[in-house]
Every structure is written in structure tokens, then in C-alpha cells.
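Below is one structure; the comments refer to it alone.
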Amino acid sequence: MGFKENLKQELAFSGMMVKELASLSGVHKRALDTYLLTEKPSMPPADAAVRIAKALGVTVESLINGDEAVIPRDIKLINQRLQLLGKKERKVVLTLINALIEKQ
């Protein structure tokens with residue numbers, strides 16, 4: 001699969017809308033639509049690909065090559081959801097995680 005298909009797959013997995021990805025990544029929605037909807041889409045510039053991958057919680061390599069990242073999908077999903085929270089809420093989640101780890 002190519003970048004277009006891999007990006008579609010990661011978007012579907014994340015449950016994110018293109019508009020959300022644009023907001024998280026800082027890549028314009030129109031550019032994302034071009035990568036997703038054009039019959040022969042171009043590759044994004046490296047900096048945009050990095051921002052898209054980071055927002056999706058995947059590696060750039062996985063978007064380009066379709067290689068499965070070492071990070072399990074459930075962990076990637078947690079990462080994506082954490083990015084939607086504010087700093088204060090992320091701190092609460094971290095406290096909860098630390099408490100669960102100490103409980104083991």
C-alpha cells in the first residue's frame with residue numbers, strides 16, 4: 001500500500017476525522033484531502049509527513065511503507081486520545097497510570 005492507503009487506514013483506526021487530524025498536525029485540511037482523495041496523490045513534504053505521523057501516533061515509515069510500528073495499536077490509540085486532552089487532564093491520566101503500576 002502507498003501513503004494514501006496507509007493514511008486512510010490509520011485515520012480509520014484512530015476514529016479521527018480529517019478536520020481533527022488537520023488541527024492536531026497543523027497540516028491544512030485541504031492538503032490532507034489532496035493526500036487522501038486524489039487519484040494519484042503526491043507525497044507530503046517531510047515536515048508535514050512527520051506532523052501527520054505524530055498526530056496519528058505512528059511512524060513516518062509506517063505511513064510511507066505500511067510497515068507496522070513496534071508500538072502496539074492500543075498504545076497508539078491511547079497516545080492519540082491523550083493528545084486531545086489539555087495539559088491538566090494529561091497530568092491526571094499520568095497520575096492514574098502511575099497508581100495502577102504501583103498497585104501491581
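For the subset of the stretch 17-38 comprising residues that are in a loop (DSSP other than H, G, I, E, B) and not hydrophobic (A, V, I, L, M, F, W, C), which member is nearest to Lys4 (Cα to Cα)?
Thr38
If Glu20 passes every condition in (1) exposed (fewer than 13 other Cβ atoms within 10 Å of the Cβ); (2) within 15 Å of the chain's Cα centre (by Cα); (3) acidic (Asp, Glu) but one, which one does it miss?
Looking at each condition in turn, Glu20 falls short on (1).
Which numbered condition trips up Glu5, out of (1) of a type in the set (Asp, Glu); (2) in contact (Cβ under 8 Å) with a residue 60 or more places away in the chain; (3) in contact with an Asp or Glu (Cβ under 6 Å, 6 or more places away or on another chain)?
So Glu5 meets the others, but not (3).
Taking the stretch 1-16, which residues are assigned to a helix (DSSP H, G or I) and touching a Leu at 6+ places or on another chain (Cβ under 9 Å)?
Of everything in the stretch 1-16, those that are assigned to a helix (DSSP H, G or I) and touching a Leu at 6+ places or on another chain (Cβ under 9 Å) turn out to be Phe3, Lys4, Asn6, Leu7, Lys8, Glu10, Leu11, Phe13, Ser14.
Within the stretch 39-52, take every residue that is part of a loop (DSSP other than H, G, I, E, B) and either touching a Leu at 6+ places or on another chain (Cβ under 6 Å) or within 14 Å of Gly2 (Cβ to Cβ) (or both) and give me the one that is modelled with the lowest pLDDT.
In this case the residue turns out to be Pro41.
Report yes if Ser62 is at pLDDT 85 or above and crowded, with 16+ Cβ neighbours inside 10 Å, otherwise no.
yes
Working only within the stretch 1-17, note down all residues that are within 24 Å of Ile75 (Cβ to Cβ) and either small (Gly, Ala, Ser) or modelled with pLDDT of 95 or more (or both).
Listed by number, the residues that qualify are Ala12, Ser14, Gly15.
Can you tell me which residue within the stretch 77-104, out of those that are closer than 20 Å to Lys54 by Cβ and of a type outside the set (A, V, I, L, M), is surrounded by the fewest Cβ atoms within 10 Å (Cβ to Cβ)?
Lys87
I need every pair where a residue in the stretch 17-40 that is free of Cβ contacts under 8 Å to residues at least 24 places away in the same chain has its Cβ under 6 Å from the Cβ of a residue that is loosely packed, with under 14 Cβ neighbours inside 10 Å, sequence separation at least 6 or different chains.
Listed pairs, sorted by first residue: Lys29/Lys19.
The values are calculated or read from the model by the stated rules, or taken from the named source; none is laboratory data. Since this is a predicted model, take the numbers as computed values, not measurements. Every residue, glycine among them, receives a Cβ derived from its backbone with ideal geometry; neighbour counts consider all protein chains shown.
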